[in-house]
Amino acid sequence: MNALLRAYRQGSRMLPLMLLASPILAQQSPEPMYKPSIVDGTRTHAIMRKFEREHDTLQLNLPAEHKKDYSEIYAQRWRHIKSRFQKKEIYTLPSAQQYLDSMLNRIVAGTPDLRREKLHAFFSRSGTPNATSVGQGIIFFNIGLFTRLDNEHQAAFILCHEIAHAVLKHSEKSIEKYVKNMHSSALQKELKELKKVQYNRLSKLEALSKGLTFDSRRHSRNNESDADSLALVYFRNCGFDPAAAVTAMQLLDKIDEEDIDMTKHLRTLFDAPQFRFQDRWLEKDAGLLGGHATLLRDRKVEDSLKTHPDCVERANKLIAFNLSADSALAGKPPVAAASIHPLRFDSLRKAFQFEIIEFSFAEDNYTESLYYTIAMLEKTPNDPYLIMHVARILNNCFYLQRQHRLGKKLRLPAPENRESFNTLAQFVQNLYMEEYAQIAFHYLQRYQGQLSAYPEFQSEFAKSEGFIKM
């Protein structure tokens with residue numbers, strides 16, 4: 001410190017370097033707050049236009065019989081694909097896309113026949129733990145699933161599974177099945193019988209239509225099993241760990257069961273000495289479905305609600321496939337387990353947790369964004385971005401409520417949601433307008449000394465302070 005003072009008095013040019021070297025002063029420079037990635041709109045638009053041209057060509061080559069029906073369904077499929085690009089759902093950070101491309105390229109290199117396929121994989125910023133093959137060789141790998149995986153071998157198997165769906169043309173076959181069912185003699189007979197019914201005709205027609213729509217939009221159990229078995233062939237061909245296929249399926253079986261003690265977290269986060277937590281904030285509203293609705297929790301009902309059904313059965317089949325493959329490969333040189341870039345996998349998985357929060361917020365899903373934030377705070381309670389974002393949501397709720405525009409940003413409780421999400425949804429619904437700002441202000445106040453160096457933190461703190469004075 002004496003040397004520092006002498007340098008200051010003498011006007012030494014070494015002072016800046018000494019300041020940086022000082023351990024005491026270095027502590028005053030905060031770690032940078034996480035900055036969400038900026039979506040490359042120009043790139044996503046160019047990719048979307050490329051796929052749109054492919055869709056237009058596809059429309060010209062549809063079967064002549066029932067062409068109008070085929071055209072309408074393919075147009076509907078394209079609108080779904082297009083919307084995901086338009087709403088900036090695609091994660092465009094070059095390093096992330098390069099990582100996914102390298103994984104896809106390794107899989108294709110392991111099975112030369114795949115070179116004939118037009119395959120394209122993209123990370124989706126959706127928090128839903130899923131991956132989908134949506135047609136035209138396009139695969140969306142949701143970062144909400146990527147963050148739940150243990151290693152990149154599991155990620156590779158999931159990618160192989162979606163590639164298998166694309167190669168087996170399950171999307172196209174389901175469309176063909178749907179069109180043929182719509183024009184089948186059996187369905188036409190049912191429709192004629194419905195015309196003779198005097199009562200409940202509309203409800204019976206809706207039930208018939210719902211059944212057809214459900215069958216046409218979801219992969220059948222057989223499709224999933226076929227995709228699993230073909231995926232395992234691709235997976236083993238490029239040297240990934242076969243055991244990861246099984247562990248990935250076991251993970252998917254439990255993924256919908258993950259939950260947090262939301263009541264505990266809300267009381268811990270939002271109870272301040274000057275603004276105590278109120279029990280009224282957690283009271284269930286009988287008028288909202290999530291308040292008192294219950295579901296029959298038998299295996300059949302639970303499985304139908306899962307994002308990934310039949311996973312235990314599918315995992316057992318994969319074990320059998322692995323054993324039979326091992327027998328067939330006995331005596332042949334082993335293929336070394338391949339890794340793409342484990343350090344990149346870990347860094348992406350960490351970054352994606354923040355991106356899920358930011359994307360939900362950008363999509364005006366405030367309840368969902370707050371849910372992901374609180375869940376992440378459980379693991380990293382002092383992260384400056386997460387702390388700031390909690391107040392950011394509450395401040396926005398106050399502002400929009402004053403303009404009577406908040407309703408569309410919040411989700412209501414519902415029976416299909418996990419209990420912790422319904423607890424949060426009910427909490428946000430129960431707050432009065434002024435309470436949003438009060439909670440935000442007193443929540444941030446406890447971090448003033450710790451996070452005052454962050455401009456984003458100070459901005460939200462100043463907003464909440466201004467709001468409570470209105």
**Asked** Does region 308-318 include one or more residues that are open to solvent by less than 70 Å² (accessible area, probe 1.4 Å) and either at pLDDT 95 or above or polar (S, T, N, Q) (or both)?
**Response** no
**Asked** Any idea which residue in region 45-89 is most open to solvent (accessible area, probe 1.4 Å), counting only those that are of a type in the set (Val, Ile, Thr), at pLDDT 95 or above and closer than 25 Å to Lys177 by Cα?
**Response** Thr57
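Is it true that Glu172 is surrounded by fewer than 17 Cβ atoms within 10 Å (Cβ to Cβ) and touching a helix residue (DSSP H, G or I) at 6+ places or on another chain (Cβ under 7 Å)? If you could, list the steps in order and put the result at the bottom.
Values: surrounded by fewer than 17 Cβ atoms within 10 Å (Cβ to Cβ): yes; touching a helix residue (DSSP H, G or I) at 6+ places or on another chain (Cβ under 7 Å): no.
It is false that Glu172 is surrounded by fewer than 17 Cβ atoms within 10 Å (Cβ to Cβ) and touching a helix residue (DSSP H, G or I) at 6+ places or on another chain (Cβ under 7 Å).
Going residue by residue through region 44-65, is there one that turns out to be among the hydroxyl-bearing types (Ser, Thr, Tyr) and more than 25 Å from Val167 (Cβ to Cβ)?
As a first pass, look at region 44-65 and keep what is among the hydroxyl-bearing types (Ser, Thr, Tyr): 44, 57.
From the residues that got through so far, the ones that are more than 25 Å from Val167 (Cβ to Cβ) too are 44.
Yes, some residue in region 44-65 is among the hydroxyl-bearing types (Ser, Thr, Tyr) and more than 25 Å from Val167 (Cβ to Cβ).
Taking region 254-271 only, how many residues are part of a helix (DSSP H, G or I) and modelled with pLDDT under 90?
4
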**Message:** Suppose the filter is under 26 Å from Asp226 (Cα atoms), touching a residue at least 60 places away in the same chain (Cβ under 8 Å) and of a type in the set (Asp, Glu); does Glu89 pass it?
**Reply:** no
**Complete:** Residues of region 124-139 being farther than 20 Å from Cys311 by Cβ, open to solvent by 10 Å² or more (accessible area, probe 1.4 Å) and not small (Gly, Ala, Ser), in sequence order, are Arg125, Val134, Gln136
**Asked** Hey, among Ala375, Ala414, Ala351, which residue is part of a loop (DSSP other than H, G, I, E, B) and open to solvent by less than 30 Å² (accessible area, probe 1.4 Å)?
**Response** Ala414
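Just a yes or no: is a residue in region 424-437 closer than 19 Å to Asp261 by Cβ, touching a Gly at 6+ places or on another chain (Cβ under 8 Å), buried (at least 16 other Cβ atoms within 10 Å of the Cβ) and at pLDDT 95 or above? Break it down into steps so the answer makes sense when it comes.
Narrowing region 424-437 to residues closer than 19 Å to Asp261 by Cβ: 424-428, 430.
Filter once more, keeping what is touching a Gly at 6+ places or on another chain (Cβ under 8 Å): 425-426.
Going one step further and asking which of them are buried (at least 16 other Cβ atoms within 10 Å of the Cβ), we end up with 425-426.
Those left that are additionally at pLDDT 95 or above: 425-426.
Yes; the residues of region 424-437 include at least one that is closer than 19 Å to Asp261 by Cβ, touching a Gly at 6+ places or on another chain (Cβ under 8 Å), buried (at least 16 other Cβ atoms within 10 Å of the Cβ) and at pLDDT 95 or above.
Taking region 232-245 as the region of interest, how many residues are within 17 Å of Asn151 (Cα to Cα) and buried (at least 21 other Cβ atoms within 10 Å of the Cβ)? Give the steps one after another, and end with the answer.
Applying the first criterion (within 17 Å of Asn151 (Cα to Cα)) to region 232-245 yields 232, 235-236, 238-245.
Now narrow it down to the ones that are buried (at least 21 other Cβ atoms within 10 Å of the Cβ): 232, 235-236, 240, 242, 244-245.
Total satisfying the criteria: 7.
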**Prompt:** touching a Leu at 6+ places or on another chain (Cβ under 9 Å) and part of a loop (DSSP other than H, G, I, E, B), is that true of Phe277?
**Reply:** yes
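Looking only at region 449-461, which residues are part of a helix (DSSP H, G or I), open to solvent by less than 60 Å² (accessible area, probe 1.4 Å) and without any contact (Cβ under 8 Å) to a residue 60 or more places away in the chain?
Residues of region 449-461 that are part of a helix (DSSP H, G or I), as a first pass: 449-451, 455-461.
Of the ones still in play, those that are also open to solvent by less than 60 Å² (accessible area, probe 1.4 Å) are 451, 456-457, 459-461.
The one that is part of a helix (DSSP H, G or I), open to solvent by less than 60 Å² (accessible area, probe 1.4 Å) and without any contact (Cβ under 8 Å) to a residue 60 or more places away in the chain: Ser459.
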**Message:** Which numbered condition in (1) within 18 Å of Tyr372 (Cα to Cα); (2) open to solvent by 20 Å² or more (accessible area, probe 1.4 Å) is the only one that Asn142 fails?
**Reply:** (2)
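Is it fair to say Phe140 is within 15 Å of the chain's Cα centre (by Cα), touching a residue at least 24 places away in the same chain (Cβ under 8 Å) and closer than 30 Å to Lys67 by Cβ? Reasoning before the result, please.
On the way: within 15 Å of the chain's Cα centre (by Cα): yes; touching a residue at least 24 places away in the same chain (Cβ under 8 Å): yes; closer than 30 Å to Lys67 by Cβ: yes.
Yes, satisfied.
Restricting attention to region 61-77, report how many residues are assigned to a helix (DSSP H, G or I) and without any contact (Cβ under 8 Å) to a residue 40 or more places away in the chain. Explain how you work it out, then say what you get.
Step one: of region 61-77, the residues assigned to a helix (DSSP H, G or I) are 67-77.
Cutting the leftovers down to without any contact (Cβ under 8 Å) to a residue 40 or more places away in the chain gives us 67-68, 71-72, 75-76.
Here the count works out to 6.
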**Prompt:** If Ser324 passes every condition in (1) at pLDDT below 90; (2) of a type in the set (Ser, Thr, Tyr); (3) surrounded by 14 or more Cβ atoms within 10 Å (Cβ to Cβ); (4) part of a helix (DSSP H, G or I) but one, which one does it miss?
**Reply:** (3)
**Request:** Quickly run through region 378-409 and pick out the residues that are hydroxyl-bearing (Ser, Thr, Tyr) and open to solvent by 50 Å² or more (accessible area, probe 1.4 Å).
**Result:** Thr380, Tyr399
**Prompt:** What is the one condition in (1) open to solvent by less than 10 Å² (accessible area, probe 1.4 Å); (2) more than 18 Å from Leu230 (Cα to Cα) that Ala164 does not satisfy?
**Reply:** (2)
**Prompt:** Given (1) in a helix (DSSP H, G or I); (2) in contact (Cβ under 8 Å) with a residue 12 or more places away in the chain; (3) touching a Lys or Arg at 6+ places or on another chain (Cβ under 9 Å); (4) of a type outside the set (Val, Ile, Thr), where does Tyr436 come up short, assuming only one miss?
**Reply:** (3)
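The values are calculated or read from the model by the stated rules, or taken from the named source; none is laboratory data. Note that the structure is predicted; figures quoted are calculated from it, not measured. Cβ coordinates were reconstructed from backbone atoms using ideal geometry, including for glycine residues, and neighbour counts include every protein chain displayed. When the accessible area is computed, the model is the full protein with side chains, heavy atoms only, and any ligands, DNA or RNA have been set aside. Shrake-Rupley method; radii C 1.70, N 1.55, O 1.52, S 1.80 Å.
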